[in-house]
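Derivation of every value follows stated rules applied to the coordinates shown; laboratory data play no part. Note that the structure is a prediction, hence the values are computed from the model and not measured. Here the Cβ is made from the backbone with ideal geometry for all residues, glycine too, and neighbour counts use every protein chain on show.
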Amino acid sequence: MDARLSRQARNEAMLREVNERLGDVAGRGGALDLFEFHCECGADPFCGELVTMTLEEYDDVRAQDDRFALVPGHETAAIERVVVRQERFVVVDKLPAYEALVADDPRGNPSQ
């Protein structure tokens, strides 16, 4: 397993935790309210771009522990595949070799 790609996957898990805190602060807005979350691409150095999603959309991403919300174009085919593509964001699912690096999310279910 490539060390740089492993680090990127771990960075994604860290950014997911930051976004979870942002979601807590945002509270439960209306179904159509948009919030800005950090791109969870795990780029090194930190990418700093924002993904605009509703809390419901972000909750859908978090329902599975190996899925992440990214700015379109930030996906890395070597470690993940795109499962949702929208104008505002993409959702990626980790490839099996990298799932163990991000499987510590207590909120998400194991990979399906």
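Taking 0.36 nm per residue of separation and subtracting the Cα-Cα distance, what length does fully extending residue 85 through residue 4 add?
26.6 nm
Give the Debye-formula value of log10 I(q)/I(0) at each listed q (0.14, 0.15 Å⁻¹), with one equal scatterer per alpha carbon of the stretch 3-99, two decimals each.
Ignoring solvent entirely, the Cα scatterers give -0.45, -0.52.
Please report the net charge: other residues with Cβ closer than 11 Å to the Cβ of residue 92, K and R +1, D and E -1.
-2
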